[in-house]
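The values are calculated or read from the model by the stated rules, or taken from the named source; none is laboratory data. These numbers come from a predicted model, not from an experiment. Please note: Cβ atoms are built from the backbone with ideal geometry, for glycine as well, and neighbour counts cover all protein chains shown. Accessible surface areas use protein heavy atoms only, side chains included; no ligands, DNA or RNA. Shrake-Rupley method; radii C 1.70, N 1.55, O 1.52, S 1.80 Å.
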Amino acid sequence: MSTAQQVPDILSPEFAENPYPAYAVMREEAPLIWHEATQSYIISRYEDVERVFKDKQSQFTTDNYNWQVEPVHGKTILQLSGREHAVRRALVAPAFRGSDLQEKFMPVIERNSRELVDAFRHTGSADIVTDYATRFPVNVIADMLGLDKADHARFHGWYTSVIAFLGNLSGDPEVTAAGERTRVEFAEYMLPIIRERRENLGDDLLSTLCAAEVDGVKMSDEDIKAFCSLLLAAGGETTDKAIAGILANLLLHPEQLAAVQQDRSLIPAAFAETLRYTPPVHMIMRQAATDVEVTGGTIPEGATVTCLIGAANRDERRYRNPDRFDIFRDDLNTTSAFSAAADHLAFALGRHFCVGALLAKAEVEVGLNQLLDAMPDIRLADGFDPVEEGVFTRGPKALPVRFTPVTG
C-alpha cells in the first residue's frame, strides 16, 4: 500500500494541469493509495475499478453519496440500493431508452441543437464550449421536463455550483456554501412546479415522473425534485464536456475527423473512444461494505474508495497504446459502449450504470452531425490548442473554431 507522497497529489496544480502522467505512475507504482486530504483510498487500475463498479459480491455501497450528493440534491436514486433502487430506476428509466427516447425526445434534441447552430452557422466562427456545448444538454433537459428555457442561466448556474460541490475535494467552505444554497434555491423553484404539474399532467418527463407508479409506489415531490436536480447536473455537465471533448479530439486528429465527416456511422465509435480517452467524469467514489482485497493491499470496511476512471481507461493492461486517440481501435466495443456491458468505465458499470447513457449518445450523435453539416471545413482557430480543465469532471475550457459558412 502506498502513501500519496510517492505520486503527484490529485489536489495539486500539476495534477489539475495534466493528470495523465500521474495516472500512469499510480497504475505502475501505487495502484492503491491512502489519500489523507480526501480520507479515501485511491485505485487506478482497470481491473480494480471495474470490479468495484460491477460489485458482483455486494462489497461496495453508494453510502458516500449521503455526504457527497445529498447536501445539494436531496436524497437521490444514487443512494438507494436493493428493491428501493430497482423500483425508482424502473420509474425513471423508460424515458431514457427505447420508444420514449426515439418518439418523444429525439425531436426535442434535434430542435434544441438546430436552434443553437442556427445562431452561428452564418458567422464563420464559434466557441463550441460557450456557444453550444454548455447550452445544448441543459436546454434539452429543461425541454424534456417541460421547464421554461428562459431560465437557462439559472439552470446553468445551479448545475455549475453542484458540480463544484461534488468536486470540492479540498473542502473549500465557499464552494460548500454555494452548493447548499443551490439546493434551497432549486427546491423553491421546482416544488411549486411539481405540485402544479401533478394537477395538470402533460406529455413531458416531469408529468411522467409525477404519474409513474410501480407496484403502487409513486415518487414523492421531494423524490422528483431530487431527480430533476440530479438530471440537470449529471446530464448537463457530463454531456457538455463530452460534446466539446469529441470535437476537440477529432480536430486534433484531422485524419480521423475526415473519416467521420465522410462516414457519419463512425460517430458512436468516436464517442466511445472519447469516453475512454478523455472521459467527462474522472473519478467516482464508493464505500467499502467489508474488507476488500485489491491490487496493492486491502481497503478496510467503511472506507471511501476513489475510483479513477481517467486512469483506468488508459490502463495498458486493458488497451493497446492507451494514450493514443484512435476511433478505429479493435479493443473497444462500440456496440456495447452505451450499455451496462461497456468495456470503458466512463458511465460506471453494474446496477448504477448511468441511466442517461443512451440520451447522451443521442445528443452527441445529433449534435455532431448538425455541427459537421454546418461547418464542413471546421478547424481550430489559428494558434489555438485546446486545454482541458477540472479534476472531478474534466473537459476543454474553450474550443474556438473557424469555418466557411454554408449558404443555402
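Taking Cα Rg over 2.2 N^0.38 Å straight from the coordinates, which label in (i) 1.01; (ii) 0.96; (iii) 1.20 is the correct one? This structure yields the entry labelled (ii). Backbone phi angles across the range 119-129, fed through the Karplus curve with coefficients 6.51, -1.76 and 1.60 (θ = phi - 60°), yield HN-Hα couplings of 6, 10, 4, 8, 8, x, 8, 6, 9, 4, 5 Hz in residue order; Gly and Pro are listed as x. Counting only DSSP H runs of at least 4 residues, each contributing -39500 (n - 2.57), and dividing by the residue count of the chain, the helix-based mean residue ellipticity at 222 nm comes to -14000 deg cm²/dmol. Summarising the amide proton neighbourhood of Val294: residues at separation of 5 or more, or on other chains, whose placed amide H is nearer than 5 Å comprise Ile299.
Taking 28 Å as the straight-line reach from the Cα of Lys397, the lysines in range (excluding those fewer than 8 positions away in the same chain) are Lys149, Lys241, Lys361. Dividing the mean sequence gap of close Cα pairs (under 8 Å, 6+ apart) by how many residues the chain holds gives a relative contact order of 25 percent. Here the 3J(HN,Hα) profile of the range 12-25, calculated from phi with Karplus coefficients 6.51, -1.76 and 1.60 at θ = phi - 60°, is 7, x, 4, 5, 4, 5, 7, x, 5, x, 5, 4, 4, 4 Hz, Gly and Pro shown as x. Note on the chain: with charges restricted to the Cβ of Lys and Arg (+1) and Asp and Glu (-1), its dipole about the Cα centre is near 620 debye. Take the Cα of Ala259, step 7 Å toward its Cβ, do the same at Thr407, and the gap between the two points is 3.5 nm. Each of Leu201, Leu247, Ala133 was placed along the dipole of the range 133-253 (beta-carbon charges, centred on the mean Cα), and the one lying farthest toward the positive end is Leu247.
Across the range 165-176, rounded Karplus estimates of 3J(HN,Hα) from the backbone phi angles (6.51 cos²θ - 1.76 cosθ + 1.60, θ = phi - 60°) give 4, 5, x, 7, 5, 8, x, 5, x, 5, 5, 4 Hz, Gly and Pro being marked x. Here Lys104 is the anchor, and the aspartates and glutamates within straight C-alpha reach of less than 20 Å, apart from those fewer than 8 places off in the same chain, are Glu115, Asp143, Asp148, Asp203, Asp204, Glu213, Glu363, Glu365.
Rolling a 1.4 Å probe over the protein heavy atoms of the range 152-191, with every protein chain left in place, gives an accessible area that is 57 percent carbon and sulfur. Annotation: lysines with alpha-carbon distance below 16 angstrom to Lys218 (same-chain offsets under eight excluded): Lys75. Here's how it looks for Ile284: its modeled amide H is under 5 Å from those of Cys307, Ile309, which are all 5 or more places away or on a different chain. Between Phe60 and Ala289, the built amide H atoms are under 5 Å apart, and every one of these is 5 or more places off in sequence or on another chain.
Once the 1.4 Å probe is applied to the protein heavy atoms, the chain comes out at 40 Å² accessible per residue.
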